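*Asks:* The structure follows.
The values are calculated or read from the model by the stated rules, or taken from the named source; none is laboratory data. As the structure is a prediction and not an experimental result, all values here were calculated from the model. Methodologically, a virtual Cβ is constructed for each residue, glycine included, from the backbone with ideal geometry; neighbour enumeration extends over all protein chains shown.
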Amino acid sequence: MPDIGIIGAGTAGLHLALLLQQAGIHTRIYTNQTAEQVATVRPQNTVSHHAPTIAREEAMGVNFWPAQEFGYQVHYHHLNVPDGPPVFRGDFLRPSRVLDYRIYLPRLMAEYENRGGTIEQRTVEPQDFDQLAGHHDLIVVAAGKRSFTEYFGERPEVSPYAKPQRHLAVGFWAGVDQTDPRAVTMSISPGHGELLDLPITTFDGWASALLFENVPGGDLEILMTQQESDDPEAYRRLVLEKLRVHHPTVFERVEQSRFALMRPGDILQGAVRPVVRNDYRLLDGGTVVLSLGDAHATVDPVTGQGANSASFEAQVAADAIIEDGVIDERFAQKVALRRRERVDGLSTWVNTMIETPTPPHLQQLLGAMSQLRTLCDEFTENFSHPHRNGDMLATPTRVEAAIARHSALAGDPTGKGRTA
């Protein structure tokens with residue numbers, strides 16, 4: 001059986017290691033942080049795990065946070081425009097879950113080691129790959145640091161942006177009442193950005209992960225540029241004011257006397273440029289170096305897909321390793337082919353969502369979703385199958401076809417839509 005070296009202990013690396021471990025294939029994870037260090041850093045993401053990812057966790061025996069208890073099954077949408085539609089709802093067929101990754105990753109690291117896996121704490125750079133090839137039949141790079149992303153290079157046809165399209169600020173906040181039923185709220189302030197209010201389980205119980213996706217140059221950009229650590233109280237008041245003006249449906253659930261970060265420093269500010277990179281490279285000796293997860297695709301979090309994409313990629317790679325038992329360029333080509341539809345479709349969806357100004361066909365789709373419940377349900381369920389939303393949003397013609405299909409279901413032959 002092959003021996004696999006995995007660089008990175010995020011979702012992609014850990015899921016791949018656990019899947020191969022179940023098949024009796026030897027792996028070793030290389031990471032520069034211990035589980036204890038991961039548990040004490042600032043928040044790293046706010047990604048939802050959707051039903052296919054949760055099902056994969058169940059199959060791996062690591063679904064320690066059942067979605068029936070820790071999850072949600074509804075998206076609420078709001079467009080903050082004059083005389084705009086009221087809040088409109090879409091439902092998942094199966095629940096999703098948001099969990100603080102400072103809880104999630106250390107638990108999976110411990111489970112992997114308890115089952116006999118080895119995690120070696122060390123820093124790895126591309127110049128170390130030849131040395132690692134002396135110990136492993138395949139090197140999987142599942143960490144997104146710059147030296148790795150530059151090593152693989154970009155695919156320009158699915159990487160259209162030269163710089164980040166959103167400036168991000170996400171904090172874990174107390175004092176925001178949960179919706180009933182528990183749900184993610186997606187609020188859009190045209191020209192200024194989006195807010196995702198995600199019900200997240202943290203060290204201290206339930207919180208709202210408020211992920212502000214701010215348009216550069218817009219009124220909300222200050223949430224990224226003004227550092228919370230400089231004056232936490234001033235930043236708290238700033239967030240409240242921006243919620244009031246731009247995202248009122250979330251603001252109305254805030255109890256201001258309790259509104260505060262769950263723990264000091266529970267905030268992350270920065271920017272992400274969405275990029276899809278090449279699938280693999282071959283070392284001089286023929287060893288495959290495979291990109292996975294963040295090393296393969298950097299995803300803007302507006303659709304909350306990073307970890308789901310990473311887990312999917314881990315399953316694709318694990319299946320190919322288990323099926324063939326031979327690690328060569330043919331294997332790498334199979335992985336590339338099998339994951340391309342989903343990864344490229346997700347890229348189309350994300351790149352459309354963050355395009356500025358908002359494309360007319362995206363505006364058309366959102367307007368129709370406010371009138372057609374079945375269309376909103378389909379868009380919501382497609383968070384579990386993101387390439388389908390990429391297909392829907394690929395062209396104006398495809399958006400028109402989706403609206404017409406759901407208008408017919410609602411008994412509106414004109415295709416303009418009506419309230420379901």
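*Asks:* May I ask you to say which residue of Asp180, Asp197, Asp219 is on the phi < 0 side of the Ramachandran plot, at pLDDT 95 or above, touching a Ser or Thr at 6+ places or on another chain (Cβ under 6 Å) and among the charged types (D, E, K, R)?
*Replies:* Values: Asp180 fails: touching a Ser or Thr at 6+ places or on another chain (Cβ under 6 Å); Asp219 fails: touching a Ser or Thr at 6+ places or on another chain (Cβ under 6 Å).
That would be Asp197, the only listed residue that is on the phi < 0 side of the Ramachandran plot, at pLDDT 95 or above, touching a Ser or Thr at 6+ places or on another chain (Cβ under 6 Å) and among the charged types (D, E, K, R).
*Asks:* Pick from segment 273-323 the residues that are over 24 Å from Leu132 (Cβ atoms) and among the aliphatic types (A, V, I, L, M): which of them is modelled with the lowest pLDDT?
*Replies:* Filtering first and then ranking leaves Val299.
*Asks:* How many residues are surrounded by fewer than 23 Cβ atoms within 10 Å (Cβ to Cβ), assigned to a helix (DSSP H, G or I) and in contact with a Gly (Cβ under 8 Å, 6 or more places away or on another chain) when one looks only at segment 268-315?
*Replies:* Total satisfying the criteria: 0.
*Asks:* Being closer than 25 Å to Phe383 by Cα and outside any helix (DSSP H, G or I) is the requirement here; does Gly265 meet it?
*Replies:* Working: closer than 25 Å to Phe383 by Cα: no; outside any helix (DSSP H, G or I): yes.
Against the criterion (closer than 25 Å to Phe383 by Cα and outside any helix (DSSP H, G or I)), Gly265 does not qualify.
*Asks:* If you don't mind, there's one more thing I want to ask. Show me the helices (runs of 4 or more DSSP H) entirely contained within segment 17-108 in which 2 or more residues are over 30 Å from Phe379 (Cα atoms). Step through it out loud before you land on a result.
*Replies:* Working: elements: 35-38, 51-60, 67-70.
Where helices (runs of 4 or more DSSP H) fall fully within segment 17-108 and carry at least 2 residues being over 30 Å from Phe379 (Cα atoms), they are 35-38.
*Asks:* Regarding Arg373, is this residue out of contact with any Leu (no Cβ under 7 Å at 6 or more places or on another chain) and either modelled with pLDDT of 95 or more or on the phi > 0 side of the Ramachandran plot (or both)?
*Replies:* Numbers: out of contact with any Leu (no Cβ under 7 Å at 6 or more places or on another chain): yes; either modelled with pLDDT of 95 or more or on the phi > 0 side of the Ramachandran plot (or both): yes.
When the stated conditions are applied, Arg373 passes them.
*Asks:* Only one residue in Gln37, Gln21 is in the same structural domain as Ala142 (by TED's automatic domain parsing), without any contact (Cβ under 8 Å) to a residue 12 or more places away in the chain and either farther than 23 Å from Glu113 by Cβ or not basic (Lys, Arg) (or both). Which one? Can you show your working first?
*Replies:* On the way: Gln21 fails: without any contact (Cβ under 8 Å) to a residue 12 or more places away in the chain.
Result of the check over Gln37, Gln21: Gln37.
*Asks:* Any chance you could count how many residues in segment 336-385 are farther than 21 Å from Leu93 by Cβ, in contact with a Gly (Cβ under 6 Å, 6 or more places away or on another chain) and of a type in the set (Val, Ile, Thr)?
*Replies:* Selection size over segment 336-385: 1.
*Asks:* Which one is nearest to Gln305 (Cα to Cα), of the residues in segment 388-409 that are buried (at least 19 other Cβ atoms within 10 Å of the Cβ) and touching a Lys or Arg at 6+ places or on another chain (Cβ under 7 Å)?
*Replies:* Looking at residues that are buried (at least 19 other Cβ atoms within 10 Å of the Cβ) and touching a Lys or Arg at 6+ places or on another chain (Cβ under 7 Å), I get Met392.
*Asks:* For segment 56-74, which residues satisfy the criterion of being surrounded by 15 or more Cβ atoms within 10 Å (Cβ to Cβ), out of contact with any Lys or Arg (no Cβ under 7 Å at 6 or more places or on another chain) and of a type outside the set (Val, Ile, Thr)?
*Replies:* To start, the set of residues in segment 56-74 that are surrounded by 15 or more Cβ atoms within 10 Å (Cβ to Cβ) comprises 56-57, 60, 62-63, 65, 67, 70-74.
Of the ones still in play, those that are also out of contact with any Lys or Arg (no Cβ under 7 Å at 6 or more places or on another chain) are 56-57, 60, 62-63, 73.
Residues satisfying the conditions are Arg56, Glu57, Met60, Asn63, Gln73.
*Asks:* Quick one: which residue in Gly71, Gly84 is farther than 17 Å from Ser311 by Cβ, out of contact with any helix residue (DSSP H, G or I) (no Cβ under 7 Å at 6 or more places or on another chain) and outside the structural domain of Gln305 (by TED's automatic domain parsing)? Don't jump to the end; show me each part of the working.
*Replies:* Values: Gly71 fails: farther than 17 Å from Ser311 by Cβ.
Only one candidate passes the filter, namely Gly84.
*Asks:* Among (1) more than 26 Å from Ala295 (Cα to Cα); (2) among the polar types (S, T, N, Q); (3) in contact (Cβ under 8 Å) with a residue 24 or more places away in the chain, which single condition is Gln121 missing?
*Replies:* Only one criterion in (1) more than 26 Å from Ala295 (Cα to Cα); (2) among the polar types (S, T, N, Q); (3) in contact (Cβ under 8 Å) with a residue 24 or more places away in the chain is unmet by Gln121, namely (1).
*Asks:* When you check Val124 against the structure, is it buried (at least 21 other Cβ atoms within 10 Å of the Cβ), in contact with a strand residue (DSSP E or B) (Cβ under 8 Å, 6 or more places away or on another chain) and not in a loop (DSSP other than H, G, I, E, B), yes or no?
*Replies:* Values: buried (at least 21 other Cβ atoms within 10 Å of the Cβ): yes; in contact with a strand residue (DSSP E or B) (Cβ under 8 Å, 6 or more places away or on another chain): yes; not in a loop (DSSP other than H, G, I, E, B): no.
No; evaluated as a whole, the condition is false for this residue.
*Asks:* Search segment 126-149 for residues that are over 15 Å from Ala12 (Cα atoms) and of a type in the set (D, E, K, R) and pair each with any residue that is modelled with pLDDT under 95 and in a helix (DSSP H, G or I) when their beta-carbon atoms are under 8 Å apart and the residues are at least 6 apart or on different chains.
*Replies:* Close Cβ pairs satisfying both conditions: none exist.
*Asks:* Take the conditions assigned by TED's automatic domain parsing to the domain that holds Val184, closer than 30 Å to Tyr151 by Cα and under 21 Å from the mean Cα position of the chain (by Cα) and apply them to Glu313. Does it pass? Quick ask: steps written out before the conclusion?
*Replies:* Working: assigned by TED's automatic domain parsing to the domain that holds Val184: no; closer than 30 Å to Tyr151 by Cα: yes; under 21 Å from the mean Cα position of the chain (by Cα): yes.
Answer is no for this residue.
*Asks:* Residue check: is Gly61 over 25 Å from Gln127 (Cβ atoms), modelled with pLDDT of 95 or more and assigned by TED's automatic domain parsing to the domain that holds Gln305? Before you say what the answer is, go through the steps one by one.
*Replies:* On the way: over 25 Å from Gln127 (Cβ atoms): yes; modelled with pLDDT of 95 or more: yes; assigned by TED's automatic domain parsing to the domain that holds Gln305: no.
No; evaluated as a whole, the condition is false for this residue.
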